[in-house]
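K.L.:
Following this message is one structure expressed as structure tokens.
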Amino acid sequence: MRGPGRTVRVERGQRREEVCVLGTYLYLDVNGGSPPGCKWFSLRHSPNIELEVLNSDASQQKVINGEKLWPLSKKTMVEFKITVPSTDTNDGKITFAYFGKGSDAPVDKAGIYLTGIEMSLDVDADRDGTVERNNPHKASWTWGPEGHGAVLLVNCDKDSLFSRTVDGEDNIVLSKADLLDMSKMFLRIKGPERLPAGYNLMLHISATDSPNLGVFYLHEKRHTHILGRERLFYRTRYRGSSEMEFYVEGLRFPDEGFNGLVTIKASLLETQVEGIPETPIFTDVVTFRVAPLIVTPNTLEPIEVYVCSVKDNLLFLRSIQNLVKEANYKIQICFENVNRGDRWMQDEMEFGYIEAPHKSFPVVLDSPRDGELKDFPVRQLLGPDFGYVTKHAASSEVTSLDSFGNLEVSPPVTVGGKKYPLGRILIGSSFPTSSGRRMTKVVRDFLYAQRVQAPIELFTDWLYVGHVDEFMTFVPAPDQKGFRLLLASPATCFRILQDKKQEGHGDVAMLQGFETKRWTVNKVLSTDTIIQENNYVQHCIDWNRDILKAELGLREEDIIDLPALFKLRQDQAVAFFPNMVNMIVLGKDLGIPKPYGPVLKETCCLEDYVIDQLRPLNLRCTFIDDVVSYHKQLGEVHCGTNVRRKPFTFKWWQMEKP
């Protein structure tokens, strides 16, 4: 036997009708339907049927009246299939004649009439943007360049002005654009105009998958929701040779308890007697994987910059506008009627995108922090081909670490031979042995469940605000590595100041214009509290440095240290002067917090140091005054801005299994 198939039975003197789907085998128990005492049988079949007699001793065959007879045993079976779709009902036929011991004439006869149909549920299983016919791998999903399995987008944008929410949260199609976000699926049939009585078609999904997908079908000039949520099956009558077009949408991103895989089945059902339940005689299966949300790193090309306008940041806002204009990108300003005084654009949201072979669009991930900016992602960003997703948490669980200054992503890296072509997500957490602040579980679970950007948890609870962007960032580099990691470094700052002291500049003032106390190079270097607190901070940063080197496969030459100093507030660190690592990266143009370091020969020596370090990377440094509007409120340039970037050119489904 060739493997799984369907067993059918005949009885002597009967004519049985069966439907056979091309590509499947039927197995007929010859002995079970034979008259008592029969030892032999013969058969004839129409040319559109291929068959083989199994478990019959071929050496004992004999010929009577020119007809070949097979010996019967208790296990004798006939395996057969129909080779082409039928043009008429019952145009395939097998007849059996039974012979007794020593008999030259048949004792009885039986027959089976077959109608062959071709039936396939089809999706874009080879990921080329076209729904091919009956791909042999459509029922499973594998990763990699040679992988297979269809892709589904979460329908999380809003294509119609009449919709009150994201498209996937209703069961209606309000515009043709909505269909373009969905993956096509076809039920293709070839066969006669009708089947024998008692056959129907059904599409069905499991109760487990029902919250994760929706299926629409064009019926009476409108697309009707037929599967998903409370709808587990859809019946349709057989229409002969036809092609039924369906549209499938994802309703939920991969998450805790949902691995992203969903399955849809199409079954041919048979009812032998009216009133008796139907049974499936053939089922075709397709599998989709819901596309993950992919977060974009600093090294990808910008598309648009987002910044708030509040009552005290006019000079900052003008500096950002000039930088964006010079870099030739777009800018969107969120005014006070929307931001209501909340200036922390980076903390409210994170930009990413979703992609299938047929479509890609940006998605904004809304933080559970829910400050006064909470309406901006929904009111200003959600729209046609711009998706939205958020993770809700109890307000008692949300901490500063749930703001998305605490969510960054590395450029692509290779670590110990393992490739991360979409980079790795970086989030801040508490020290491994402490019970400090962590990003809330629903957000961490969501980020881990996307799989394609395997997260790394860093130690940030030593910071008062607690965000990864307070001590690190990435900038592009023109070499094979493609980027550098920038780290805040008190040790580097002390070394620069010590050099200036030895050069005779110990009395030069720092932090002029925004610190009430007069700080000179000598005073900073001689204040024990500053030295002790920054030695502690450097230790915390070095802890993360070692994690980043190990988890991102970095060497020391891949890291550039930028001078920084911190001070402790309630035993947690805040920036002593504007923290230059907290910058905005726009291609080759960097918007860096102006540090107000010692001015020597009309330039700030800290700025000069950063320029010298980044010049070999062909990066242009613009220093932005953010002291009053951001630094004094415990943030910097990066905290007050956000950037939507172009997607990776690499297709996530081509990753080796993550």
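K.L.:
From the list Tyr238, Tyr234, which one is over 20 Å from the mean Cα position of the chain (by Cα) and free of Cβ contacts under 8 Å to residues at least 40 places away in the same chain?
P.N.:
Testing whether each residue is over 20 Å from the mean Cα position of the chain (by Cα) and free of Cβ contacts under 8 Å to residues at least 40 places away in the same chain leaves just Tyr234.
K.L.:
Going through Ile189, Ile94, Ile172, Ile112 one at a time, which residue ends up being surrounded by fewer than 18 Cβ atoms within 10 Å (Cβ to Cβ), touching a residue at least 12 places away in the same chain (Cβ under 8 Å) and of a type outside the set (Gly, Ala, Ser)?
P.N.:
Ile172
K.L.:
If you take just the strands (runs of 3 or more DSSP E) that sit entirely in the stretch 151-235, which of them hold at least 3 residues that are closer than 25 Å to Ile281 by Cβ? Write out each step before concluding.
P.N.:
On the way: elements: 183-190, 199-204, 213-219, 222-227.
Qualifying strands (runs of 3 or more DSSP E): 183-190, 199-204.
K.L.:
Looking at this structure, is Ser430 out of contact with any Phe, Trp or Tyr (no Cβ under 8 Å at 6 or more places or on another chain), at pLDDT below 95 and either at positive phi or not β-branched (Val, Ile, Thr) (or both)? Reasoning before the result, please.
P.N.:
Working: out of contact with any Phe, Trp or Tyr (no Cβ under 8 Å at 6 or more places or on another chain): no; at pLDDT below 95: yes; either at positive phi or not β-branched (Val, Ile, Thr) (or both): yes.
In short, no.
K.L.:
Sticking with this structure for a sec: Touching a Gly at 6+ places or on another chain (Cβ under 9 Å), surrounded by 15 or more Cβ atoms within 10 Å (Cβ to Cβ) and either of a type outside the set (D, E, K, R) or closer than 20 Å to Glu50 by Cβ (or both): is that true of Thr142 in this structure? It would help to see each step written out before you state the result.
P.N.:
Details: touching a Gly at 6+ places or on another chain (Cβ under 9 Å): yes; surrounded by 15 or more Cβ atoms within 10 Å (Cβ to Cβ): no; either of a type outside the set (D, E, K, R) or closer than 20 Å to Glu50 by Cβ (or both): yes.
No: the conditions fail for Thr142.
K.L.:
Continuing with this model, one more query. Could you please find all residues in the stretch 288-333 being β-branched (Val, Ile, Thr) and either surrounded by fewer than 19 Cβ atoms within 10 Å (Cβ to Cβ) or farther than 30 Å from Leu201 by Cα (or both)? Don't jump to the end; show me each part of the working.
P.N.:
Of all residues in the stretch 288-333, those β-branched (Val, Ile, Thr) come to 290, 294-296, 299, 303, 305, 307, 310, 320, 324, 331, 333.
Of everything in the stretch 288-333, those that are β-branched (Val, Ile, Thr) and either surrounded by fewer than 19 Cβ atoms within 10 Å (Cβ to Cβ) or farther than 30 Å from Leu201 by Cα (or both) turn out to be Ile294, Val295, Thr296, Thr299, Ile303, Val305, Val307, Val310, Ile320, Val324, Ile331, Ile333.
K.L.:
Of all residues in the stretch 334-352, count the ones that are surrounded by 20 or more Cβ atoms within 10 Å (Cβ to Cβ) and touching a residue at least 40 places away in the same chain (Cβ under 8 Å).
P.N.:
Here the count works out to 11.
K.L.:
Kindly indicate whether any position in the stretch 556-571 is more than 36 Å from the chain's Cα centre (by Cα), among the aromatic types (Phe, Trp, Tyr), over 15 Å from Val610 (Cα atoms) and not in a loop (DSSP other than H, G, I, E, B). Quick ask: steps written out before the conclusion?
P.N.:
First pass over the stretch 556-571, keeping only residues more than 36 Å from the chain's Cα centre (by Cα): 563-571.
Remaining after also requiring among the aromatic types (Phe, Trp, Tyr): 566.
Retained after the next criterion (residues that are over 15 Å from Val610 (Cα atoms)): 566.
Okay, now just the ones that are also not in a loop (DSSP other than H, G, I, E, B), so 566.
Yes; the residues of the stretch 556-571 include at least one that is more than 36 Å from the chain's Cα centre (by Cα), among the aromatic types (Phe, Trp, Tyr), over 15 Å from Val610 (Cα atoms) and not in a loop (DSSP other than H, G, I, E, B).
K.L.:
Moving on to the next point. Pick from Val262, Val273, Val285: which is surrounded by 20 or more Cβ atoms within 10 Å (Cβ to Cβ), over 30 Å from Asp479 (Cα atoms) and of a type in the set (A, V, I, L, M, F, W, C)?
P.N.:
Numbers: Val273 fails: surrounded by 20 or more Cβ atoms within 10 Å (Cβ to Cβ); Val285 fails: surrounded by 20 or more Cβ atoms within 10 Å (Cβ to Cβ).
Only one candidate passes the filter, namely Val262.
To keep it simple, each residue is scored yes or no on (1) over 18 Å from Trp652 (Cβ atoms); (2) aliphatic (A, V, I, L, M); (3) not assigned by TED's automatic domain parsing to the domain that holds Lys176.
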position: Met349; (1), (2), (3): yes, yes, yes
position: Ala356; (1), (2), (3): no, yes, yes
position: Arg369; (1), (2), (3): yes, no, yes
position: Glu397; (1), (2), (3): yes, no, yes
position: Asn406; (1), (2), (3): yes, no, yes
position: Arg424; (1), (2), (3): no, no, yes
position: Thr440; (1), (2), (3): yes, no, yes
position: Pro455; (1), (2), (3): no, no, yes
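K.L.:
Taking the condition surrounded by 19 or more Cβ atoms within 10 Å (Cβ to Cβ) and either under 17 Å from Ser309 (Cβ atoms) or touching a residue at least 24 places away in the same chain (Cβ under 8 Å) (or both), does Val363 pass? Give the derivation first.
P.N.:
On the way: surrounded by 19 or more Cβ atoms within 10 Å (Cβ to Cβ): yes; either under 17 Å from Ser309 (Cβ atoms) or touching a residue at least 24 places away in the same chain (Cβ under 8 Å) (or both): yes.
In short, yes.
K.L.:
Moving on to the next point. Quick check: is even one residue across the stretch 576-593 modelled with pLDDT under 95 and farther than 25 Å from Pro476 by Cβ?
P.N.:
Applying the first criterion (modelled with pLDDT under 95) to the stretch 576-593 yields none.
Looking for residues that are modelled with pLDDT under 95 and farther than 25 Å from Pro476 by Cβ, one finds none in the stretch 576-593, hence no.
K.L.:
I want to confirm something. Restricting to the stretch 546-600 and keeping residues that are basic (Lys, Arg) and more than 18 Å from Ser430 (Cβ to Cβ), which single residue is surrounded by the fewest Cβ atoms within 10 Å (Cβ to Cβ)?
P.N.:
Taking the stretch 546-600 first, the residues basic (Lys, Arg) are 549, 555, 567, 569, 588, 594.
With the extra rule that they be more than 18 Å from Ser430 (Cβ to Cβ), the set shrinks to 549, 555, 567, 588, 594.
Numbers: Lys549: 16, Arg555: 8, Lys567: 15, Lys588: 14, Lys594: 21.
Taking the candidates together, the pick is Arg555.
K.L.:
Quick one: count up the residues across the stretch 157-169 that are touching a Lys or Arg at 6+ places or on another chain (Cβ under 9 Å) and exposed (fewer than 15 other Cβ atoms within 10 Å of the Cβ). I'd like the intermediate steps shown before the answer.
P.N.:
Taking the stretch 157-169 as the starting set, the residues that turn out to be touching a Lys or Arg at 6+ places or on another chain (Cβ under 9 Å) are 158-159, 164-168.
Then keep just the ones that are exposed (fewer than 15 other Cβ atoms within 10 Å of the Cβ); that gives 164-165.
Residues meeting the conditions: 2.
K.L.:
Given the conditions (1) modelled with pLDDT of 90 or more; (2) out of contact with any Ser or Thr (no Cβ under 8 Å at 6 or more places or on another chain), report the number of the one that Lys74 does not fulfil.
P.N.:
That leaves (1) as the condition not met.
K.L.:
May I ask you to verify whether Arg438 is more than 25 Å from His638 (Cα to Cα) and surrounded by fewer than 24 Cβ atoms within 10 Å (Cβ to Cβ)? Give the steps one after another, and end with the answer.
P.N.:
Numbers: more than 25 Å from His638 (Cα to Cα): no; surrounded by fewer than 24 Cβ atoms within 10 Å (Cβ to Cβ): yes.
It is false that Arg438 is more than 25 Å from His638 (Cα to Cα) and surrounded by fewer than 24 Cβ atoms within 10 Å (Cβ to Cβ).
K.L.:
If I ask for residues that are touching a residue at least 40 places away in the same chain (Cβ under 8 Å) and either basic (Lys, Arg) or out of contact with any strand residue (DSSP E or B) (no Cβ under 7 Å at 6 or more places or on another chain) (or both), which ones from the stretch 143-159 would you list? Quick ask: steps written out before the conclusion?
P.N.:
Of the stretch 143-159, the ones touching a residue at least 40 places away in the same chain (Cβ under 8 Å) are 143-145, 147, 149-159.
The answer is Trp143, Gly144, Pro145, Gly147, Lys158, Asp159.
The values are calculated or read from the model by the stated rules, or taken from the named source; none is laboratory data. It should be emphasised that the depicted structure is a prediction, and the values quoted were computed from it without experimental measurement. Neighbour counts are summed over all protein chains in view; Cβ atoms, including those assigned to glycine, are modelled from backbone coordinates with ideal geometry.
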